[in-house]
Every structure is written in structure tokens, then in C-alpha cells.
1. Can you work out which of the residues in segment 38-50 that are more than 11 Å from residue 13 (Cβ to Cβ) and loosely packed, with under 11 Cβ neighbours inside 10 Å is modelled with the lowest pLDDT?
2. Looking at 179, 165, which one is on the phi > 0 side of the Ramachandran plot and touching a residue at least 24 places away in the same chain (Cβ under 8 Å)?
3. Exactly one of these conditions fails for residue 123: (1) in contact with a Pro (Cβ under 9 Å, 6 or more places away or on another chain); (2) modelled with pLDDT under 90; (3) surrounded by 10 or more Cβ atoms within 10 Å (Cβ to Cβ). Give me its number.
4. Being touching an Asp or Glu at 6+ places or on another chain (Cβ under 7 Å) and either open to solvent by less than 20 Å² (accessible area, probe 1.4 Å) or over 20 Å from residue 11 (Cα atoms) (or both) is the requirement here; does residue 63 meet it?
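The values are calculated or read from the model by the stated rules, or taken from the named source; none is laboratory data. As the structure is a prediction and not an experimental result, all values here were calculated from the model. Cβ placement follows ideal geometry from the backbone for every residue including glycine, while neighbour counts extend to all protein chains displayed. Ligands, DNA and RNA are stripped out before the accessible areas are found, and what is left, the full protein with its side chains, is counted by its heavy atoms. Shrake-Rupley method; radii C 1.70, N 1.55, O 1.52, S 1.80 Å.
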Amino acid sequence: MPDLDRVREALQSSMTTWATVEVRGDQARVIPAPELEPLIAGLDRLAPQWSLHWACDATSPYVVRARLDVAGVSREGLAQAPTLPDAKLAALAELARLFGISGGEGQWVDYDPEDGANVADLDAERELPAAPRPVALPPEPPRDPQMEKARRHIDDLLEQLKAAGKSGEAARILMRGYGETVDESRALYKQLKAILDQ
């Protein structure tokens, strides 16, 4: 049985479309909503049995109920919108909110009766990658000049082994690195030198 976190992930990843929930002249209020096809695909991957039921309670304006049963949990979203497709999307958005996925109160955008709500700017904002947060690197440990010299000698020897076609044998010896101490590095150097001299 899938856990609720995975159900929330499926809902969150399907929040790729917009539902127009209100129109006032040349403006419309839109809310983020789950797109049905990606949601279905996500739920199919998650649970062998789940169900989504719809009911249309009114037609002017449209009032739609969406009920999702998954992972032993049921949630029902109820929403109103000027068109049936938007009411279904808004009901899915309400359902997602009840699972803990908040889409916010919505945003006002330009509206054309033929083309619908203009969400192009909202889609562009959504696609902008989040700026990575700078991560402070831990300070480098102080370097031992003798260890640095030993590593340079090993690197020089590795170049010679590579030229001689013996780098595979050297790689097995250096699998754990150059050694933790100068004495370990010297011992590794002697092993590598023996391979080169063969």
C-alpha cells in the first residue's frame, strides 16, 4: 500500500495546468491544478487500485465534486467554475489541497472569451529554475608538504606505468588511494616501482 507522501508527490508533480475559477470582464482568476493524464499515470505507478469519481451538482455555474480513494484514504474536492472542464480541474485542485498540496488563492490574468485565460506568463514563471543556494564548503585541512611530495612522485610513476601499458595493475594497488601517511605512500610507491621494473 503506498504511503500518503507518495500520493502527495504524484499530486504535486501533476500540478501543471490552470483552472479558471472566476471571470470578471477581461480578467480571470486562475488557480494551479493537477492535469488529469499525469495524475492518472502517477497514481497507476503508485497503487494497483485507486479510484477517482466525478459528480456534477450544478450547471450554471458548474459545480463539480471529485472524490479520490487511494492508499486507504478518501478525499473529496468541491469546486465551482464557469465551464465544466475548469470546474473539474478546480475540483482536482481542491482535492490536492485536502491532501496537503497548496496551490494558493489564485492569480488574476487577462481573459479573452475565445482564447480563455492568458496563463503564458504564469507558465514561464513556473518553468524558471530555482536559484541554487550557495553552499559553504568546509575548510580544507592543512596540507603536509611531505605527503604532497610523495603524491607527486606516485603521479610521476603512474605516468610511466601508463606509458608502459601497466596502468591496470597500478590501479588495483591504488584502489584505496595514495595512503594516509608518508610511510604508506612510500610503501605504495615501492609496489608500483616493482611493477614498472618487471
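1. 48
2. On the way: 165 fails: touching a residue at least 24 places away in the same chain (Cβ under 8 Å).
Going through 179, 165 in turn, just one is on the phi > 0 side of the Ramachandran plot and touching a residue at least 24 places away in the same chain (Cβ under 8 Å): 179.
3. So the condition that residue 123 fails would be (1).
4. yes
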